Every structure is written in C-alpha cells, then in structure tokens.
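The values are calculated or read from the model by the stated rules, or taken from the named source; none is laboratory data. As the structure is a prediction and not an experimental result, all values here were calculated from the model. With ideal geometry, Cβ positions are generated from the backbone for all residues, glycine too; neighbour counts draw on all protein chains shown.
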Amino acid sequence: MIGLEQVETMIKERLPDAQVIIRDIKGGGNHLEALVVSAEFEGKTKVKQHQLVYSAIQEALDSEAIHALALKTYTPQTWKTAQSVV
C-alpha cells in the first residue's frame, strides 16, 4: 500500500506547480482518485495531461502499489471554470 501523501509528492515532483488532491476510493489504499491542477497542462490534450501524471507515478503503477487511478486534470483556468459551475 502507498500513502496518499506519497502519491501527491510523486506528482508534485514532476509538476512542481500542481495543486493535487488524492482520495482513496475503496479504502484499501490502491484504488485512488487524483485531481491535478497545473499550468503545465496548458495547450495539451487530456491524453497528454494524463500521460504527464502517469509518468510521475509509473513506479507505483508498475509495482501495483496503485492498482487503479481515476484521474481528473485541469489547467488553472479550466479549474476556475469548473468551480464556478458547481
């Protein structure tokens, strides 16, 4: 099992400006949800954004410390828009 803070740290090492929220979906520590907001996502497709995050946690995925990850990525502007909708 991997700690939620460890996952957050791994993502922030790859995307230093990121705001990261990690949540354990099932309570077992290996099915996670991540919300990541970063200016590095500007001009990138969702696929490229997700690839950046996955590259940051690849070791945990390979070792199966993380079995599943539901991922939501936003630029600062799209995050601001998403917050005003809710």
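Out of LEU35, LEU69, LEU52, I need the residue that is modelled with pLDDT under 95, surrounded by 13 or more Cβ atoms within 10 Å (Cβ to Cβ), within 29 Å of MET1 (Cβ to Cβ) and in contact with a Phe, Trp or Tyr (Cβ under 9 Å, 6 or more places away or on another chain). Which one? Unique residue meeting the criteria: LEU69. What single numbered condition from (1) free of Cβ contacts under 8 Å to residues at least 12 places away in the same chain; (2) in a loop (DSSP other than H, G, I, E, B); (3) among the small types (Gly, Ala, Ser) fails to hold for SER84? All conditions pass for SER84, except number (2). Scan VAL47, VAL20, VAL7 and give me the residue that is touching a Lys or Arg at 6+ places or on another chain (Cβ under 8 Å) and either exposed (fewer than 13 other Cβ atoms within 10 Å of the Cβ) or outside any loop (DSSP other than H, G, I, E, B) (or both). The match here is VAL20. Beta carbons closer than 7 Å, at least 6 apart along the sequence or on distinct chains, pair a first residue in region 46-74 that is at negative phi with a second that is exposed (fewer than 13 other Cβ atoms within 10 Å of the Cβ) and part of a helix (DSSP H, G or I) for ALA56/GLU13; THR73/LYS46. Could you say whether any residue in region 26-37 is touching a Pro at 6+ places or on another chain (Cβ under 9 Å) and either free of Cβ contacts under 8 Å to residues at least 12 places away in the same chain or not aromatic (Phe, Trp, Tyr) (or both)? The answer is yes, given that some residue of region 26-37 is touching a Pro at 6+ places or on another chain (Cβ under 9 Å) and either free of Cβ contacts under 8 Å to residues at least 12 places away in the same chain or not aromatic (Phe, Trp, Tyr) (or both). In region 1-21, the residues that are under 13 Å from ALA65 (Cβ atoms) reach residues that are of a type in the set (A, V, I, L, M, F, W, C) and in a loop (DSSP other than H, G, I, E, B) with C-beta atoms within less than 6 angstrom, at least six apart or across chains, in these pairs: ILE2/ALA65; MET10/ILE57.
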